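A.B. asks: Just dropping this structure here.
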Amino acid sequence: MVDAREYQKASAVLFMDLDNFKDVNDTLGHLSGDILLKLVARRLQLCSKSTDLVARLGGDEFAIVQNDITCLDDPKHLAEQIISSITRPFKVNDHQLHIGISIGITLLPSDGLDTGLLLQNADMAMYEAKGVSGSHYHFFDLELQKSIQHKRTIEMHLHHAIENNELSLLFQPKIEIKSGIIVGAEALLRWHSKELGQVSPAEFIPIAERTGLIIKLGAWVLDNTLKHISAWDKANIDAPKIAVNLSTIQLLDANLIVDIEDALAAHDVPANKLELEITETAAMSDPELSQAQLEAIKDIGVSIALDDFGTGYSSLSYLASLPVDRIKIDRSFVNDIQFSSQSKAIIESIIHLGIIMGKIVIAEGVEEKGQLSLLQTLGCHEVQGYYISKPITADEFIHFSNNKE
């Protein structure tokens, strides 16, 4: 710091976090994890110069202060060398282990001369690198800082969204292709902040998941969805099954089953009026616990849909054992169905697989008549998307349902 301040000597701080280290601790025990940390430390030292500072900050976090850099290529080359070294296999107690590493890089004096700020900047850059699949590095910059500050602003206001009555639900209808009858709808959360205006779910849902707020938001969505179903029932409106999305955090929450039962009882809604949608990734996050939770949900009488099917890296044998009623084909395949023989073949395979497994197959993101026609030809059971209807309010949904009948 003194060299940077008084002599304008540039340095770089590389903040590192190991990828998949927790799996080693969980499967082989902490003693094996400790051995692996020592081997990682040794490789980091071998990548660095004797004048660099290599440190373990705690857990599986490391940092390097690279001194006397002459240009951006210096920390870039060091990061690339570290990634190349760490991604080579490690041998621990006759086990060959593979891990990755995510690296955030900040520079001094250009990014600041405060130790806390520099570590914070490098940490932010590291999390940006971690958001990319596989081992990567990322430099801190002002755009990243603006992005982080924007996310923190969203998080701050999201904490008060329920109390400020800023949340609402829209419903996107699902129809059976053969009959055109509405067979359900997906409840979609929307947030109109008094300070920020309309905030996209693509922005606030990941933040809610990262901070744990998704449990609170998920409870609100479930409660208000059941409130609508109950109101429709009291008005003698025979509304179809409504689907609510569950995140990975919600699926693995120990209170999930009790919360669902309590919500159904509180609104006097039959369990067969509710469907829960989980992603393939969520189901694979903790296969044993996920299976137990899904079986408990089925025991209540609530149906289950497997969302974004085909986009995850999952075991078909495991998926076949899951107690799901519907398989949802991801919109990325539907988008290309008219122009990509590969997407068409994937969709055809998913439909065939679903039929063999005795599941209903639904395609999402249907926006054109040509897509609908092809899906019908391939034997898809149900669809949803803008060609059928955009997400609409509860009143509009009932009006839409009546007109469809």
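A.B. asks: How many of the residues making up the stretch 354-367 are farther than 12 Å from PHE309 by Cβ, assigned to a helix (DSSP H, G or I) and under 28 Å from the mean Cα position of the chain (by Cα)?
C.D. replies: 1
A.B. asks: If you don't mind, there's one more thing I want to ask. Only one of these conditions is not met by ILE35: (1) in a helix (DSSP H, G or I); (2) closer than 26 Å to ASP141 by Cα; (3) open to solvent by 10 Å² or more (accessible area, probe 1.4 Å); (4) of a type in the set (Val, Ile, Thr). Which number is it?
C.D. replies: Status for ILE35: all satisfied but (2).
A.B. asks: Ok, one more. Output yes when any residue across the stretch 368-378 is polar (S, T, N, Q) and within 26 Å of the chain's Cα centre (by Cα), and no when none is.
C.D. replies: Among the residues of the stretch 368-378, not one is polar (S, T, N, Q) and within 26 Å of the chain's Cα centre (by Cα), which makes the answer no.
A.B. asks: Could you list all residues from the stretch 268-283 that are buried (at least 20 other Cβ atoms within 10 Å of the Cβ), modelled with pLDDT under 95 and assigned to a helix (DSSP H, G or I)?
C.D. replies: GLU280, ALA282, ALA283
A.B. asks: Ok, one more. Modelled with pLDDT of 95 or more, hydrophobic (A, V, I, L, M, F, W, C) and over 35 Å from the mean Cα position of the chain (by Cα) - does that describe any residue in the stretch 59-68?
C.D. replies: no
A.B. asks: Let me ask you something else. Take the stretch 48-67 and flag every residue that is surrounded by 15 or more Cβ atoms within 10 Å (Cβ to Cβ) and either in a loop (DSSP other than H, G, I, E, B) or charged (D, E, K, R) (or both).
C.D. replies: Scanning the stretch 48-67 gives SER48, ASP52, ARG56, ASP60, GLU61, ASN67.
A.B. asks: Taking the conditions exactly as written (open to solvent by less than 60 Å² (accessible area, probe 1.4 Å), touching a strand residue (DSSP E or B) at 6+ places or on another chain (Cβ under 7 Å) and within 30 Å of ASP73 (Cβ to Cβ)), does PHE204 satisfy them or not?
C.D. replies: no
A.B. asks: I'd like the full set of residues that are assigned to a helix (DSSP H, G or I) and buried (at least 20 other Cβ atoms within 10 Å of the Cβ), limited to the stretch 379-400.
C.D. replies: ALA394, PHE397
A.B. asks: Of these, SER332, SER401, which one is in contact with a Ser or Thr (Cβ under 8 Å, 6 or more places away or on another chain), among the small types (Gly, Ala, Ser), on the phi < 0 side of the Ramachandran plot and in contact (Cβ under 8 Å) with a residue 12 or more places away in the chain?
C.D. replies: Only one candidate passes the filter, namely SER332.
A.B. asks: If you don't mind, there's one more thing I want to ask. Mind listing just one residue for me: the one in the stretch 87-123 that is over 14 Å from HIS138 (Cα atoms), part of a strand (DSSP E or B) and not charged (D, E, K, R) and, of those, most open to solvent (accessible area, probe 1.4 Å)?
C.D. replies: GLN96
A.B. asks: Read through the list (1) of a type in the set (A, V, I, L, M); (2) in contact (Cβ under 8 Å) with a residue 24 or more places away in the chain; (3) in contact with a strand residue (DSSP E or B) (Cβ under 8 Å, 6 or more places away or on another chain); (4) open to solvent by less than 20 Å² (accessible area, probe 1.4 Å), then give the number of the only condition that LEU144 fails.
C.D. replies: (2)
The values are calculated or read from the model by the stated rules, or taken from the named source; none is laboratory data. The structure presented is a predicted model; accordingly, all values stated were derived computationally and were not measured. All Cβ positions, glycine included, derive from the backbone under ideal geometry; neighbour counts span all protein chains shown. Heavy atoms of the whole protein, side chains included, go into the accessibility calculation; ligands, DNA and RNA do not. Shrake-Rupley method; radii C 1.70, N 1.55, O 1.52, S 1.80 Å.
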